[in-house]
Each structure stands twice: as structure tokens, then as C-alpha cells.
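The values are calculated or read from the model by the stated rules, or taken from the named source; none is laboratory data. Predicted model, so just to flag it, every value in this text is computed and none were measured. Here the Cβ positions follow ideal geometry from the backbone for every residue, glycine too, while neighbour counts run over all protein chains shown.
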Amino acid sequence: MFAFSITTFVIAGSDVSTYSWFKQKSWVSAASEKQLIETKRWSTRNGEPPIAVGEAIRLAQPVFERLKDDVDGTYWMLDAVTLHPASPGNPEEPFTDNRWYWEVWYQMYGDSGGSGSWPHIKLIVLMDKTVVEPKLVTPMVPTDSTEIKP
């Protein structure tokens, strides 16, 4: 089984977001443009990012521990940590003078019982050390089937 993931980069007036699946529900972590603007700029020419990969993991870990659900016959692992540009930056030198963020991805492994996609939790860590927690995605369904008219 493969986990499904979408990451969206910021465009003026927008945000960055990443989706998770755990506790049998869909979740989204989203950082607003305002949150991103308040973080430090970083250029790939200026050495390491403001928050190192190890610090991003350390910041995300307690949030992950609180959110995860333990299921018999399964275990969680840190699956990936990815540095993403949150804006295109200077058009003449793309991805050099931007706002950036870390995406920390935890994946459940073990016996899924054939239930479909493996649970996974993806957290956004901003360069100001903010961990953006996932919020439940509310499905858009009618509350009463009689509301649907041909």
C-alpha cells in the first residue's frame, strides 16, 4: 500500500499545505502567507537554513507523539524530512532568497489488515520554529439526502 501526499507551494495570498491520513480521517497542515512572511528569509548561497534538519525533527517529535494512534501489529517511523521553498523568490535566481519550511513525515508500518492507505502524519515546521499542527478536513456532504434535488 502507498500513502498519498500532496504539497502545495505558496502563491501571493495563498498558503502552503500538506495532507495526512491517520485515525481513519483526512487532516491538513496549512501555514498562512502571513505566517510564512514572519519567518526568516534564507538563500541557498548563505550556508545552512535557519533551522537544521535535526532541529526540525526535534521540534516535530512531541507533536507527532501526541497525534499518533498506536495499533497492534504496527509501528511508526520517521519516513522523510524535506526542505521546501514556500515562494518562488527572485525570478532571475529562483529558490535563492525565499521563505522555506520543513515537512516532517511519519509513516505507520506493519499489518494493515488490508484497510487501504497506510496512516501517515506530515507536519510543517517553519523557520521560526513553529510546528503547524494538522486540522481535521471536514468532508463536504449533505446532512440530509432530501436536500439533493434533480
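Output the residues belonging to the stretch 28-64 that are at pLDDT below 90 and aromatic (Phe, Trp, Tyr).
42 - this is the single residue of the stretch 28-64 that is at pLDDT below 90 and aromatic (Phe, Trp, Tyr).
Could you tell me whether the stretch 70-88 includes any residue that is assigned to a helix (DSSP H, G or I) and touching a strand residue (DSSP E or B) at 6+ places or on another chain (Cβ under 8 Å)?
Checking the stretch 70-88: not a single residue is assigned to a helix (DSSP H, G or I) and touching a strand residue (DSSP E or B) at 6+ places or on another chain (Cβ under 8 Å).
Between a residue in the stretch 105-130 that is surrounded by fewer than 22 Cβ atoms within 10 Å (Cβ to Cβ) and polar (S, T, N, Q) and any residue that is modelled with pLDDT under 90 and assigned to a strand (DSSP E or B), which pairs come within a Cβ distance under 7 Å, given they are 6 or more apart or on different chains?
Close Cβ pairs satisfying both conditions: 117/21.
Is there any pair linking a residue in the stretch 8-37 that is more than 21 Å from residue 107 (Cα to Cα) to one that is of a type in the set (S, T, N, Q) and modelled with pLDDT under 90, with Cβ under 7 Å and at least six apart or on different chains, and which?
10/87; 15/32; 33/14
Going through the stretch 71-86 one residue at a time, which ones are out of contact with any Gly (no Cβ under 8 Å at 6 or more places or on another chain) and either surrounded by fewer than 20 Cβ atoms within 10 Å (Cβ to Cβ) or modelled with pLDDT of 90 or more (or both)?
72, 76, 77, 78, 79, 80, 81, 82, 83, 84, 85
Mind listing whichever residues of the stretch 11-22 are modelled with pLDDT under 85, over 13 Å from residue 132 (Cβ atoms) and not polar (S, T, N, Q)?
Within the stretch 11-22, 11, 12, 13 meet the criteria.
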